[in-house]
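Reading through the structure tokens given below for one structure.
Only the coordinates and a few stated rules stand behind these numbers; no lab work does. Model, not experiment: these values are computed from the prediction. Backbone-built Cβ (ideal geometry, glycine too); neighbour counts: all protein chains shown.
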Amino acid sequence: MADTSDEEFFKERGFGIRLGYGARPALIIIDMINAFTDKDMPLGAPLEDQIEAITPLLETAHARDLPVFFSTVAYEYDDLRDAGVWGMKMKGSATLRAGTPSVEVDARLPVLPADTILKKKYASCFFGTDLVAQLNARSIDTLIITGCTTSGCVRATAVDAVQSGFRPMVVRQAVGDRSLAAHDQSLFDLDAKYADVVEVNDAVSYLQTIGDNTGN
């Protein structure tokens, strides 16, 4: 957790102004795949609490026909050449083989036929995908961000979201990391400069009242 003096300093300098929710949201669930939710795998972490927090967001989005995006990281080649230089950084990248159970979304988070699964190679859900085009086609202005890891793919996605003109809302209880220190510092930094860090109950209430996103 950030030092109190840091919080006061940033507040005095005018950081952390609220972006606020927009009118047309989408929910994104970042990399909640077996390779990351199984704590015994090289890239895994205990994310049961995050799955519990994501569940009401996912149920509400499904009930109200709001766009839902899941992401996974999957590599096609045995030598990980489609991971580029990044594949050299973590041995656990070798567990992210396309077509294996490790890159499938955790079964505790049901994927419906109307949902989109983004297949990516790198941290951000925006990099090398058609996410911007899909969001623009549906006039989305707000991205409810959940998943893992806070300091990695969640952070990268939130930064790219605001840079792409979307309002990133990072749900505090619905994002997780292998490191608590990295998690806390990333949430502090995101809330100060790139996103609104919001509470899960607040995000659920927003999704329950925003409408069905059909334009009616």
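Structure notes:
- When the chain is treated as a Gaussian network with alpha carbon springs shorter than 10 Å, the biggest mean-square fluctuation among ASN136, ASN201, ASN34 belongs to ASN136.
- Charge tally around TYR194: other residues with Cβ under 13 Å, Lys/Arg +1 each, Asp/Glu -1 each, net 0.
- Fewest-first sequence of VAL204, VAL175, VAL197 by Cβ atoms within 10 Å of each Cβ: VAL204, VAL197, VAL175
- Residue of PRO113, PRO42, PRO67 that the Gaussian network model of the chain assigns the largest fluctuation, springs spanning Cα pairs under 10 Å: PRO113
- Whole-Å distance, taken between Cα centres, linking the stretch 69-148 and the stretch 11-32: 21
- GNM result for the chain, Cα springs below 10 Å: residue of GLY44, GLY84, GLY176 fluctuating most strongly: GLY84
- The residue among GLY87, GLY152, SER102 whose Cα reaches farthest toward the positive pole of the charge dipole of the chain, with charges on the beta-carbon of Lys, Arg, Asp and Glu, is GLY87.
- Packing rank of 152-164, 182-194, 95-107, where each peptide gets the mean count of other beta carbons within 10 Å, highest leading: 152-164, 182-194, 95-107
- Relative contact order, percent, the chain [alpha-carbon distance under 8 Å, six or more residues apart]: 28
- Entry note, the chain: the mean residue ellipticity at 222 nm calculated from DSSP H runs of n ≥ 4, each adding -39500 (n - 2.57), is -9500 deg cm²/dmol after division by the residues and rounding to the nearest 500.
- Looking at the chain alone, DSSP beta bridges between its own residues are antiparallel in about 5 percent of cases.
- The shape of the stretch 34-108 comes out prolate: with a ≥ b ≥ c from the C-alpha gyration tensor, a/c is at least 1.5 and a/b beats b/c.
- Near GLN50: Cβ cut-off under 13 Å, other residues only, Lys/Arg at +1 and Asp/Glu at -1. The net charge is -2.
- Hits among lysines - C-alpha to C-alpha of LYS11 under 27 Å, sequence gap 8 or more where chains match: LYS193
- Taking THR129, THR37, THR150 and counting other C-beta atoms within 10 Å, the order from fewest to most: THR129, THR37, THR150
- Charge tally in the Cβ shell below 10 Å around THR37, where Lys, Arg are +1 and Asp, Glu are -1, THR37 excluded: -2
- Whichever lysines have a C-alpha closer than 30 Å to that of LYS91, once near sequence neighbours (fewer than 8 apart) are set aside: LYS39, LYS119, LYS120, LYS121
- Cα-Cα P(r), the chain, percent of pairs per 5 Å interval: 1, 7, 16, 20, 20, 16, 11, 6, 2, 0, 0
- Length added when fully stretched, GLU76-ASP130, from 0.36 nm per residue minus Cα-Cα: 17.6 nm
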